[in-house]
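The block underneath contains the structure these notes are about, expressed in structure tokens.
The values are calculated or read from the model by the stated rules, or taken from the named source; none is laboratory data. Source: prediction; values computed, not measured. Quick reminder, even Gly has a Cβ in these numbers, built from the backbone with ideal geometry, and neighbours come from all protein chains shown.
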């Protein structure tokens, strides 16, 4: 495919330490390298949830703007879990994870991932929203999951690809990959448009 030939001439950077995002990028056939820079992940609390996800992925891109070449595209992403008006970030310990999963048990919540594409000349950001319905999860099941999978690096204290997703998710509305951490189909569409507009073929040979 012409797109995959073209993208090999571009320095595509995934700015994430997440093994799940790396696996999704690999499965989708992207040629890329990983380069993550620690950054401030705070956000204005008055923002609507989708604006928080966009704010965070744009904020992650700031550190790269002065360090990339004209052939670089940086992909930054941030996933948040939203229950009602609460933003559930990563759990810092077992107690926090237990509290989050108890809150999500038997209810529907949102998973929103903001994605930002950044080059020297242009930046485009978009987001994907998926609804996830959990069945009722008993305290014993919550403790089993936490002790087995230790989901402390995941928003909302769970990974849908793990035991809890296999046994306790009744349904989802939207992209499953978005819940894993990267809306791959939306990324593919936006990246094709971004490259077509800002990286003409003659400039990336």
Given (1) more than 19 Å from residue 79 (Cα to Cα); (2) buried (at least 16 other Cβ atoms within 10 Å of the Cβ); (3) in contact with a strand residue (DSSP E or B) (Cβ under 7 Å, 6 or more places away or on another chain), identify the lone condition not met by residue 195. (3)
Out of all the residues in segment 41-51, is one or more modelled with pLDDT of 90 or more, touching a strand residue (DSSP E or B) at 6+ places or on another chain (Cβ under 6 Å), surrounded by 14 or more Cβ atoms within 10 Å (Cβ to Cβ) and under 30 Å from residue 5 (Cβ atoms)? no
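Here is a yes/no grid of residues against (1) in contact with a strand residue (DSSP E or B) (Cβ under 7 Å, 6 or more places away or on another chain); (2) farther than 22 Å from residue 47 by Cβ:
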residue	(1), (2)
103	yes, no
106	yes, yes
115	yes, no
164	no, yes
188	no, yes
Could you list, in sequence order, all residues of segment 57-82 that are touching a helix residue (DSSP H, G or I) at 6+ places or on another chain (Cβ under 6 Å) and in contact (Cβ under 8 Å) with a residue 40 or more places away in the chain? 74, 76, 77, 80
Residues in segment 8-31: is at least one over 16 Å from the mean Cα position of the chain (by Cα), touching a residue at least 40 places away in the same chain (Cβ under 8 Å), in a helix (DSSP H, G or I) and more than 22 Å from residue 151 (Cβ to Cβ)? no
Among (1) more than 17 Å from residue 119 (Cα to Cα); (2) touching a strand residue (DSSP E or B) at 6+ places or on another chain (Cβ under 6 Å); (3) without any contact (Cβ under 8 Å) to a residue 24 or more places away in the chain, residue 34 falls short only on (1)
If you go through 82, 74, the only one that is surrounded by 14 or more Cβ atoms within 10 Å (Cβ to Cβ) and under 23 Å from residue 99 (Cα atoms) is 82
